[in-house]
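In what follows, a single structure is set out as structure tokens and then discussed.
What follows draws every value from the coordinates through simple rules; no lab data is involved. Please read all numbers here as calculations on a predicted model, not as lab measurements. Here the Cβ is made from the backbone with ideal geometry for all residues, glycine too, and neighbour counts use every protein chain on show.
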Amino acid sequence: MHTITGKTVLVTGANRGIGRALLEEALNRGAKRVYAGTRQPFDHPDERVTAVTLDVTDAGQIEQAAKTVGELDVLVNNAGQVTFDDLSDRAVLEKMFAVNFFGVYDTIQAFLPALIRSQGAIINNISVNAFAPFPLVSSYSAAKAAAFNLSQSLRGLLAGKGIGVHAVMTGLVDTDMTKGFDVMAKAAPEHVAKNVYDGLEKGEEEIFPDAMAEPLADSWRSGGGKNLERQYAQMAAQIAAAQSA
Ligand SMILES: NC(=O)c1ccc[n+]([C@@H]2O[C@H](COP(=O)([O-])OP(=O)(O)OC[C@H]3O[C@@H](n4cnc5c(N)ncnc54)[C@H](OP(=O)(O)O)[C@@H]3O)[C@@H](O)[C@H]2O)c1
């Protein structure tokens, strides 16, 4: 179980949208320091905020960011990009995976030593599209599904080191990303940010932070997929114990 009060938090993609709201909400909850991962120079009036140059597709910037930050309690992988596509262009698929999957993977790998030291938490901003792809953003949806699967694996692999891994199954939120997409109501980023940290503090493995996502929560948590994840976690722990005996 993790809280934000008194903790050191890094949010990627912190300059706008949900990331900015996650930054502000971490400050509201009394974070000791919030690192704002941004691609462009970024200023914030609160002295607890430190800007860190961080394009999550740039290995050098990730490495430098991990050195700059040093100690970390909560890593929030929020940075993401979407594009309309119909799976006809492999380059789009690669771009979506570079940001939304490998960006998450590489950032976690770089900050893992710090998170192991702090027995901290990882929050990955995924999407409800991990459960059901929206066909007009197929490559994005596939990358988000892979990032969700990665979150589940890491949860099992890192549980023994005291690290919590939380996947945020975000629905439609009112940000630049969804500008012009007006087919249904959008949640406010501030509402989502509050629910993300509430979910963290309650120890929820999957967090359903908005009105579109929330109806999926009970069926996911009591369903076959989650059950299989739990069974696999037990089996993996048994095998690991047998191997080390
Ligand atoms: N909005 C939704 O309805 C919705 C739904 C489900 C999931 N999500 C997820 O929520 C997260 C935030 O989305 P949002 O709605 O807040 O989008 P947004 O307003 O478009 O903001 C995206 C953020 O990610 C940053 N970013 C993009 N590519 C990056 C890279 N390579 N390295 C580092 N930062 C990068 C952007 O930085 P720049 O300003 O430099 O471009 C920006 O700060 C994303 O992972 C998204 O997939 C959003």
Checklist outcome for this item: Checked against the positive end of the charge dipole of the range 8-244 (+1 on Cβ of Lys and Arg, -1 on Cβ of Asp and Glu, about the Cα centre), the farthest of Gly199, Ile18, Val173 is Gly199
Checklist outcome for this item: Amide H proximity to Glu206 below 5 Å, modelled H, separation 5+ or other chain, gives Ala167
Item to check | Of the GluC sites (Glu not before Pro) in the range 1-52, those whose Cβ has at most 15 other Cβ within 10 Å and which sit in DSSP loop | outcome: Glu47
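Quickly rank 236-242, 109-115 as a protection proxy: mean count of other C-beta atoms within 10 Å, highest first.
Working: 236-242: 11.1, 109-115: 17.7.
Those peptides, ordered most packed to least, come out 109-115, 236-242.
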Next on the checklist: As an exercise, find the ratio Rg/Rh for the range 8-244 from alpha-carbon atoms, using the Kirkwood inverse-distance average for Rh.
Outcome noted: 0.95
Next on the checklist: How large is the direction-averaged shadow of the alpha-carbon convex hull of the range 117-245, in nm²?
Outcome noted: 9.2 nm²
Item to check | Charge-dipole axis of the chain as Lys and Arg at +1 and Asp and Glu at -1 on Cβ define it, positive-most pick from His2, Tyr105, Ser151 | outcome: His2
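What does the highest-first list of 176-182, 6-12, 148-154 look like by mean Cβ count within 10 Å?
Values: 176-182: 10.3, 6-12: 24.4, 148-154: 18.7.
Ranked by mean Cβ neighbours within 10 Å, highest first: 6-12, 148-154, 176-182.
Hey, what number do you get for the chain at 222 nm if only DSSP H runs of n ≥ 4 count, each worth -39500 (n - 2.57), divided across all residues, to the nearest 500? The partial results should precede the final answer.
Numbers: 8 runs with 108 residues, N = 245.
Taken over the chain, the calculation gives -14000 deg cm²/dmol.
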Checklist outcome for this item: Taking alpha-carbon centroids only, the range 187-214 lies from the range 65-118 a number of Å equal to 20 Å
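Using square roots of five times the C-alpha gyration tensor eigenvalues, list the equivalent-ellipsoid semi-axes of the range 1-116 in whole Å, biggest first.
Numbers: eigenvalues 133, 47, 32 Å².
The answer is 26, 15, 13 Å, longest axis first.
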